[in-house]
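A.B. asks: The structure's right below; bear with me while I get my questions together.
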Amino acid sequence: MKEENKRVLGLKLPTDPRWVNLAELSLEEILTDHAFCEQKATTSCISLIQKYSDKSLLVQKVAPVVSEEWSHFRMVLKELDKRGMKLGNQRKDEYVNKLMFFIRKGVSKDELFLDRLLFCAMIEARSCERFRLLSLYISEKSLREFYHNFMVSEAGHYQLFLDLAEYYCGKEITRKRWQECLDFEAEVVKQLKPKANRMH
């Protein structure tokens, strides 16, 4: 698991697979948190398009992700409804809030743009890793298939944001800053520890 994360996603600190056993005991809360993660991902992509509407490739590539993330939100709502569960209240995402400190202040527009793209890539990478664990270890077969599809999608989004960063900011600069992002994220995860009722 650890080696695969390093090779595919680059994550420095893998999630303990036992998190899945705890998560499925709080399935309604996990699904609620997942739904709001998809909603926030939709909003984040819209925000990127609004802020960088002059970057044609970004607009072209990210616009379909907006639709995809919103369809994911609806899929999770459907899963909740199928199980007689309700969408709970949105809560603060400590992981995302702490990861936001990776985005530098007082830097050039290009540096800020790079950090925002890598911030998006990092959230997608960690989500992909958690979805993979659920797809492998959650006891219910239908949920394993459900989360496998999300894992595949998040992997594509993660790669898209990295590709856009390399296209606009250069490979060398992007890869150096990405390693810094991975180190930063590992410290965030270490501080927070995975919560049984949260996706991050």
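A.B. asks: Select from the chain the helices, each a whole stretch of DSSP H, whose alpha-carbon atoms run 24 Å or more along the helix axis and whose Kyte-Doolittle mean is at least -0.5; answer none if there are none.
C.D. replies: Qualifying helices: 27-51, 56-82, 109-137, 141-169.
A.B. asks: Largest first and to the nearest Å, give the Cα extent of the chain along each principal axis.
C.D. replies: Here the Cα extents, ordered largest to smallest, are 48, 32, 26 Å.
A.B. asks: Can you quote the Å³ per residue value for the convex hull of the Cα atoms in region 126-180, rounded to an integer?
C.D. replies: 60
A.B. asks: Normalised by the number of residues in the chain, what is the relative contact order in percent for Cα pairs under 8 Å and 6+ residues apart?
C.D. replies: 31
A.B. asks: Also, quick follow-up: For a Förster distance of 22 Å, can you work out the FRET efficiency between the beta-carbons of E28 and E68, rounded to the nearest 0.05?
C.D. replies: 0.35
A.B. asks: Quick one: go through region 170-200 and flag any residue whose amide nitrogen is under 19 Å from the point 7 Å out along the Cα-to-Cβ line of F101.
C.D. replies: 178-195, 200
A.B. asks: Provide the packing ranking of 182-190, 162-170, i.e. peptides ordered by the mean count of other C-beta atoms within 10 Å per residue, highest first.
C.D. replies: Highest-to-lowest ranking by the protection proxy: 162-170, 182-190.
A.B. asks: Taking only the C-alpha atoms, wrap a convex hull around region 5-72 and report its volume per residue in Å³ as a whole number.
C.D. replies: 116
A.B. asks: Also, I was wondering about something else. Helix-only mean residue ellipticity at 222 nm, the chain, DSSP H runs n ≥ 4 weighted -39,500 (n - 2.57), per residue, nearest 500. What is it?
C.D. replies: Helix-only estimate at 222 nm: -26000 deg cm²/dmol.
A.B. asks: Any chance you could tell me what percent of the C-alpha pair distances in region 39-142 go past 21 Å?
C.D. replies: Of all Cα-Cα pairs in region 39-142, 48 percent lie more than 21 Å apart.
None of the figures in this text is laboratory data; all of them are computed from the coordinates on show. The shown structure was predicted, so the numbers you read here are calculated from the model rather than taken from an experiment. In this analysis, Cβ positions are derived from the backbone assuming ideal geometry, glycine residues included, and neighbour counts consider all displayed protein chains.
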